Amino acid sequence: MMQLGTRWLVGDEPPSRLPQTVIDAIYEVEGELAEQGVDAKDWSWTLTWLEGRPVVSLDDDTTIEFDPETDIALVTAPGE
């Protein structure tokens, strides 16, 4: 079952209910965008819950999925 969660702008604080691994991955993606000079100030993250697991998507189709068994956040860039 999929549940719609929340949206927030790039640069804003992610929801605190996310696992720290996912929050770290979000900050890493945002840092890479800044290093590349991408103007993402109007971009948003969207948090959904798929079978109780957070899935975070950025407007450019970057996706972060969480594996609770390994505590790993898998980042998939657009086109991958």
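The values are calculated or read from the model by the stated rules, or taken from the named source; none is laboratory data. It should be emphasised that the depicted structure is a prediction, and the values quoted were computed from it without experimental measurement. Note that we place each Cβ from the backbone using ideal geometry, even for glycine, and neighbour counts take in every protein chain shown.
For segment 24-36, name all the residues that are part of a loop (DSSP other than H, G, I, E, B) and surrounded by 13 or more Cβ atoms within 10 Å (Cβ to Cβ).
As a first pass, look at segment 24-36 and keep what is part of a loop (DSSP other than H, G, I, E, B): 36.
Result: no residue meets the conditions.
When segment 37-80 is filtered for residues that are of a type in the set (S, T, N, Q) and either part of a strand (DSSP E or B) or modelled with pLDDT under 95 (or both), the ones remaining, listed by number, are S44, T46, T48, S57, T63, T76.
Look at T21 and say whether it is in contact with a strand residue (DSSP E or B) (Cβ under 6 Å, 6 or more places away or on another chain), hydroxyl-bearing (S, T, Y) and either loosely packed, with under 10 Cβ neighbours inside 10 Å or part of a strand (DSSP E or B) (or both). Criteria not met by T21. Restricting to segment 45-59, and then to whatever is crowded, with 17+ Cβ neighbours inside 10 Å and aliphatic (A, V, I, L, M), can you tell me which residue is farthest from P19 (Cα to Cα)? Going through the qualifying residues, I end up with L58.
Among the residues of segment 25-37, some residue qualifies, meaning at least one is β-branched (V, I, T) and within 11 Å of the chain's Cα centre (by Cα). In this structure, is V55 under 20 Å from G79 (Cβ atoms) and within 12 Å of the chain's Cα centre (by Cα)? Against the criterion (under 20 Å from G79 (Cβ atoms) and within 12 Å of the chain's Cα centre (by Cα)), V55 qualifies.
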